[in-house]
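Have a look at the structure below before the remarks.
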Amino acid sequence: MFNNSLIELDRAHLIHPVASYRGHEQQGVRVLASAKGATVTDASGHQLVDGFAGLWCVNAGYGHESIVEAAARQMRELPYATAYFGLGSEPAIRLASELADRAPGDLKHIYFTLGGSDAVDSTIRFIRYYWIARGQPQRDQFISIEQGYHGSSTVGAGLTALPNFHAGFGIPFDWQHKIPSPYPYRNPVGEDAASIIEASLAALRAKVEAIGPDRVAAFYAEPIQGSGGVIVPPKGWLQAMRDLCRELDILFVADEVITGFGRTGPLFACSEEEIVPDFMTTAKGLTSGYVPMGAVFMADHVYQVIADGAGASAVGHGYTYSAHPVSAAVGLEVLRLYENGLLENGVKAGARLMAGLEALRDHPLVGDVRGRGMLAALELVSSKTTKTPLPAEAQPARRIFDRAWDNGLVIRAFANGVLGYAPPLCCTDQDIDAILERTVKTLDQTLEDPDVRKALKD
């Protein structure tokens, strides 16, 4: 009765993100009831290994009492403090300082948001202000990458290059432009790293030239394209794109909402790539999903231009919950946990995960295996030779997600047949092995589907 009543209440009232409203009404909700470590349990008692860390975000894993205590302590002492009017709170001030100390290069200024989408939105505001302050208001054009994801806010969704986020919303705007994804598995130039890098550099140069070199404000890139299908550019790609932006006097924004806080190994993927962006956006792992929070890292040279441009005037951008003290207290404790063993464990677990997924290359359905650290994907195909995706009528997203769920595994199943993995950094060897074993079971069951078998070409 409890479960059924919740399902009906959900149908009647709760709007779910990125969902078919009619489809969800028919299927009903799966209610999660509890979680610990890398395991989640639904309201019926079904236990699953969370191979996706919620939504790429529960990097530390579930059930850390020290995080709960940090939040409770702050709620008792000071549950809210605005950052308006020159006010502040100790946790927010300390978290900004700790993040700045660990950030690449001169990313020394931190603006706190509620999550990744409004962090990206904030960069757009700051970038426009920056160029106006520099006396170049005509620099109002923005470039991002096909299959990239930069949030679901009105303007951020235009930088996002996924059809679902555009259809019916009247976006992207005419000042938002795209260049092709580096996507090694399906790149027209092949999988050679140098060729991919050369093609991306040429595409960005051409786009800037077509728009007008004095019109382009910024270029956005994810170190790994997450929601586009966990697309991993070749080593050196990010650095090359950053160098070109510097040459062209374009601001470079690294979107680390997914890759930040140990997801790929180090605290920030930019450090691994040895680059310093002009802005870096983070969220998700910042608080490990326990409470909402995001952060924009702003380079000192950008900050100084904005500060000088404003002078005695206020820079008119702010959110009610920016620098929220409870979120900041959680962020401080999560950072402590990362640096007291979780990052190290994530590297170990990530190596085990990647080795196990690589061993699946011979499976009849697996066309590509890719990833870095605790961020990975399998791309399923009906032909390894032609790289033909699974047929749409096989409903790979819905069917594979449901099947994995029944097998006790949460993964991201994309509509194009890509399976995404982002387990918590706390995973034990047993957790990783369970993810791999349940993946194999799910793949084998899918291989037996008549429509999938009929589509197989190899």
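In this Cβ point-charge picture (+1 for Lys and Arg, -1 for Asp and Glu), the chain has a dipole of about 540 debye about its Cα centre. Averaged over residues, the count of other Cβ atoms within 10 Å places the peptides 12-20, 449-457 in the sequence 449-457, 12-20, highest first. With helices as the sole contributors, the chain gives -12000 deg cm²/dmol at 222 nm; each DSSP H run of n ≥ 4 counts as -39500 (n - 2.57), and the sum is divided by every residue.
Given the peptides 271-283, 135-147, arrange them by the average over their residues of other C-beta atoms within 10 Å, most packed first.
By packing density, highest mean first, the sequence is 271-283, 135-147.
Cross-link partners for Lys207 among the lysines, with Cα-Cα distance under 28 Å and sequence neighbours closer than 8 places in the same chain left out: Lys178, Lys235. When Phe165, Phe85 are sorted by how many other C-beta atoms sit within 10 angstrom of their C-beta, beginning with the fewest, the order is Phe85, Phe165. Values (1) 24, 58, 18, 0; (2) 23, 50, 25, 2; (3) 22, 47, 19, 9, 3, 0 are given for comparison; P(r) over Cα pairs in 20 Å bins from 0, in percent, derived from the coordinates here, is the one labelled (1).
In loop segments of segment 347-418 as defined by DSSP, the trypsin sites (Lys or Arg not before Pro) with at most 14 further C-beta atoms inside 10 Å of their C-beta are Arg361, Lys387. DSSP assigns beta bridges within segment 81-323; of those with both partners inside it, close to 40 percent run antiparallel. Summary value for segment 81-323: 28 percent relative contact order, contacts being C-alpha pairs under 8 angstrom separated by 6+ residues. Ranking Thr39, Thr320 by Cβ neighbours within 10 Å, fewest first, what do you get? If I rank by nearby Cβ atoms, fewest first, I get Thr320, Thr39.
Computed on the chain, with alpha-carbon pairs under 8 angstrom and 6+ residues apart, the relative contact order is 20 percent. Under 20 Å of direct C-alpha separation, and excluding same-chain neighbours fewer than eight residues apart, Lys348 reaches these aspartates and glutamates: Asp50, Glu272, Glu273, Glu339, Glu358, Asp429, Asp431, Asp433, Glu437.
Give the residue from Ile258, Thr281, Gly318 lying farthest towards the positive end of the charge dipole for segment 81-323; charges sit on Cβ (+1 for Lys and Arg, -1 for Asp and Glu) and the dipole is referred to the Cα centre. Looking along the dipole axis, the top candidate is Gly318. A DSSP coil position with no more than 15 other Cβ atoms inside 10 Å describes the following trypsin sites (Lys or Arg not before Pro) in segment 201-285: Arg215, Lys235.
Only beta bridges with both residues in the chain are counted; by DSSP, about 65 percent of them are antiparallel. With the convex hull constructed from alpha-carbon coordinates only, segment 290-349 shows a mean projected area of 6.1 nm² over all directions.
Every read-out reported here was derived from the displayed coordinates using simple, explicitly stated rules and does not represent laboratory data. The structure displayed is predicted, hence computed values, not measured ones. So basically every Cβ, Gly included, is an ideal-geometry build from the backbone, and we count neighbours across all protein chains shown.
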